[in-house]
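Each remark here refers to the structure printed beneath this line.
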Amino acid sequence: MTIAGIPPAPLPADQALQRLRDGNYRFVQNVRSLDTAIGQSARALLAVRQNPFAAILSCSDSRVPSEIVFDQGLGDLFVIRVAGNVVAPSLVGSVEFAAATFGTRLVVVMGHTRCGAIKATLDFIQHRVGAPSENIHDIVDRCRPAVESVVSATGPDVEQERLVHEAVRANVRQSCAHLRHGSRLLERLIQEEGLLVVGADYSLDTGKVDFFDGLPS
């Protein structure tokens with residue numbers, strides 16, 4: 001909502017994070033907030049201006065829709081989706097756009113269990129199974145540094161499910177670090193205006209989002 005055409009002040013990152021936590025709790029409990037903005041009236045209010053309180057860089061997996069996972073409505077989240085939640089220049093630019101244009105002060109990089117992009121990367125590293133196209137291989141290449149570090153650290157006898165889980169988290173950490181240190185604009189907003197970049201993973205089994213990287217002390 002706005003008053004006399006003045007957009008509301010950006011929601012501080014810690015409050016935005018709590019709002020996501022609360023929304024995910026409702027999702028896990030299979031309830032929805034009555035205040036969630038949906039339907040015709042919400043569309044009318046948002047037709048001219050949006051004010052997303054968080055930006056979510058997540059995997060394109062059809063089972064991980066951010067608005068549903070966090071029980072949010074139209075205009076609440078600026079969602080950027082790409083297989084493997086990898087970071088490339090255009091994706092950094094999308095995050096920058098949300099932060100600079102809308103004043104969004106929370107950025108979440110969210111992976112998920114059983115991620116196909118991570119499995120494809122592991123198949124390439126461990127068995128030299130190639131991707132079916134150059135563009136898919138580009139995604140694998142962007143995941144490789146993080147996944148290779150996990151493969152090297154865990155050794156050959158680790159259970160595959162645990163290996164995928166650790167690789168998903170390492171890939172999220174890598175994407176978070178890229179956003180924090182690969183953009184002068186985001187670096188400035190982190191240092192001067194309280195922008196927060198945090199990492200999370202989503203459980204396909206439970207519906208729970210676990211925030212594990214870059215949390216405020």
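Pairs needed: first member in the stretch 109-130, touching a residue at least 40 places away in the same chain (Cβ under 8 Å); second member anywhere, of a type in the set (Phe, Trp, Tyr) and outside any strand (DSSP E or B); C-beta distance under 9 Å; at least 6 residues apart or different chains.
Filtered contacts from the stretch 109-130: no entries.
Of the residues in the stretch 29-47, how many are open to solvent by 90 Å² or more (accessible area, probe 1.4 Å) and either modelled with pLDDT under 85 or not in a loop (DSSP other than H, G, I, E, B) (or both)?
Residues in the stretch 29-47 being open to solvent by 90 Å² or more (accessible area, probe 1.4 Å) and either modelled with pLDDT under 85 or not in a loop (DSSP other than H, G, I, E, B) (or both): 6 in total.
I'm told residue 68 meets every condition in (1) outside any loop (DSSP other than H, G, I, E, B); (2) open to solvent by 20 Å² or more (accessible area, probe 1.4 Å); (3) of a type in the set (A, V, I, L, M, F, W, C); (4) in contact with a Leu (Cβ under 8 Å, 6 or more places away or on another chain) except one. Can you identify the failing condition by its number?
Every listed condition holds for residue 68 apart from (4).
From 169, 142, grab the single residue that is modelled with pLDDT of 95 or more, buried (at least 19 other Cβ atoms within 10 Å of the Cβ) and touching an Asp or Glu at 6+ places or on another chain (Cβ under 7 Å).
After ruling out the rest, the residue left standing is 169.
Conditions: (1) open to solvent by less than 100 Å² (accessible area, probe 1.4 Å); (2) modelled with pLDDT of 95 or more; (3) not in a helix (DSSP H, G or I). Residue 26 meets all but one. Number of the miss?
Among (1) open to solvent by less than 100 Å² (accessible area, probe 1.4 Å); (2) modelled with pLDDT of 95 or more; (3) not in a helix (DSSP H, G or I), residue 26 violates only (3).
Conditions: (1) in contact with a helix residue (DSSP H, G or I) (Cβ under 6 Å, 6 or more places away or on another chain); (2) farther than 22 Å from residue 105 by Cβ. Residue 141 meets all but one. Number of the miss?
Single failed check for residue 141: (1).
Out of all the residues in the stretch 53-75, which are in contact with a strand residue (DSSP E or B) (Cβ under 9 Å, 6 or more places away or on another chain) and over 19 Å from residue 29 (Cβ atoms)? Spell out how you get there, then give the answer.
Residues of the stretch 53-75 in contact with a strand residue (DSSP E or B) (Cβ under 9 Å, 6 or more places away or on another chain): 53-61, 63-67, 69-70, 72.
Result: 53, 54, 55, 56, 57, 58, 59, 60, 61.
Enumerate the pairs (first residue in the stretch 34-56 and more than 24 Å from residue 14 (Cα to Cα) and of a type in the set (Val, Ile, Thr); second residue anywhere and modelled with pLDDT of 65 or more and surrounded by 15 or more Cβ atoms within 10 Å (Cβ to Cβ)) with beta-carbon separation below 8 Å, excluding pairs fewer than 6 apart on the same chain, so at least 6 apart or on different chains.
38/73; 38/74
The values are calculated or read from the model by the stated rules, or taken from the named source; none is laboratory data. Fair warning: this is a prediction, and the values are worked out from it, not measured in the lab. Note: ideal-geometry Cβ built from the backbone for every residue, glycine included; neighbour counts use all protein chains shown. Heads up: the accessible areas ignore ligands, DNA and RNA and are worked out on the full protein's heavy atoms, side chains in. Shrake-Rupley method; radii C 1.70, N 1.55, O 1.52, S 1.80 Å.
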